[in-house]
1. Residues of region 40-55 being out of contact with any Leu (no Cβ under 6 Å at 6 or more places or on another chain) and either among the β-branched types (Val, Ile, Thr) or in a strand (DSSP E or B) (or both), which ones?
2. Filter region 72-100 down to the residues that are closer than 12 Å to Trp21 by Cα and over 8 Å from the mean Cα position of the chain (by Cα), then identify the one that is surrounded by the most Cβ atoms within 10 Å (Cβ to Cβ).
3. Would you be able to say whether some residue in region 56-71 is part of a loop (DSSP other than H, G, I, E, B) and either under 13 Å from the mean Cα position of the chain (by Cα) or crowded, with 17+ Cβ neighbours inside 10 Å (or both)?
4. Scan region 34-51 and tell me whether some residue there is at pLDDT below 90 and of a type outside the set (D, E, K, R).
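The values are calculated or read from the model by the stated rules, or taken from the named source; none is laboratory data. Model, not experiment: these values are computed from the prediction. Because the Cβ atoms are built from the backbone with ideal geometry, glycine has one as well, and the counts that use them run over all protein chains shown.
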Amino acid sequence: MPTPPESTKNSAPSVVRRARWPQLRDVDARFRGSFAYVDATLPDGTVLPLMRLRYGGSARSWGFAIHLASSGKHQDSVLPSGDFAGTPEDALDCACGLYLADPTAWQQPPTN
């Protein structure tokens, strides 16, 4: 499995932070091999493990596994688009839609 280059590791957390979740104080990504483990911090300091991303050879293509709070494990998942891989933003929207109870995150924008 390919491992992400340092430039991708350095940009991944900032890409994710620019997403549409102002209720998050911070988003942190820890890297181990080809995986990025992503946690969110709420304003009160609570840390929510959200997901694991698997580097797919491009900064815009990551496999997605949701963190299961019930077991503390990650489950490979499909993004709302139906794809098994996508951008870090797509994965964050999916995970936050679940953990922050905002299913509008899963709606696809209308096509023209």
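1. Restricting attention to region 40-55, the residues satisfying the condition of being out of contact with any Leu (no Cβ under 6 Å at 6 or more places or on another chain) are 41-55.
Within region 40-55, Thr41, Thr46, Val47, Leu48, Pro49, Leu50, Met51, Arg52, Leu53, Arg54, Tyr55 qualify.
2. Cys96
3. To start, the set of residues in region 56-71 that are part of a loop (DSSP other than H, G, I, E, B) comprises 59-60, 69-71.
Of the ones still in play, those that are also either under 13 Å from the mean Cα position of the chain (by Cα) or crowded, with 17+ Cβ neighbours inside 10 Å (or both) are 59-60.
Checked against the condition, which is being part of a loop (DSSP other than H, G, I, E, B) and either under 13 Å from the mean Cα position of the chain (by Cα) or crowded, with 17+ Cβ neighbours inside 10 Å (or both), region 56-71 yields at least one hit.
4. In the first step, residues of region 34-51 are kept if they are at pLDDT below 90; the result is none.
No, region 34-51 contains no residue that is at pLDDT below 90 and of a type outside the set (D, E, K, R).
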